[in-house]
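The values are calculated or read from the model by the stated rules, or taken from the named source; none is laboratory data. Being a predicted model, the structure only gives us computed values, none of them experimental. Cβ: placed from backbone, ideal geometry, glycine included. Neighbour counts: every protein chain shown. Accessible surface is based on the protein model in full, side chains and every heavy atom, while ligands, DNA and RNA are left aside. Shrake-Rupley method; radii C 1.70, N 1.55, O 1.52, S 1.80 Å.
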Amino acid sequence: MIVVAAGFLVAACAGVGETIPPTNPGQPQCRQGTDGVQACGYACMMGTDGHMACANSPDGVCAMGNDGHVTCSQVAGGGAAAPPPPTCKTSANGSQACGYNCQFGANGNVYCASRPDGRCQMNADGSFSCP
């Protein structure tokens, strides 16, 4: 009985914090988290909170914050030249932000642009606005 329970626990946690490889490389995938919410895209990853997240481009990235929630890059279409890959940064409270040219605000949050040529501008309160 204990072996069955342990086997179930491993199966339930499979894929947590790991990028799930697509069955058809280069094609988007749809995955459902243990919270019952489905996400579609690339580089899908499930957090320890059971929420699945996916990037919206093949070169996208995902990262899990200290709170167990996964955040993935959601980038807008770029130019003709291949842009550098987006990055994910961790804010002071452990949450993640993914994208380009990420900036740390005075409030400890991270702000990232959705496209490679996007630049974040500081607001009067120390936060940033990004395209």
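Data overview
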read-out: Nearest-0.05 FRET efficiency for Asp125 and Asp59, computed from C-beta distance (R0 22 Å); value: 0.10
read-out: Label-point separation, Ala106 to Gln38 (7 Å along Cα→Cβ), nm; value: 4.5
read-out: Per residue accessible area of segment 39-131, 1.4 Å probe, in Å²; value: 48
read-out: ³J(HN,Hα), Karplus 6.51/-1.76/1.60, whole Hz, each residue of segment 49-59, x for Gly, Pro; value: 7, x, 8, 8, 9, 9, 6, 9, 9, x, 9
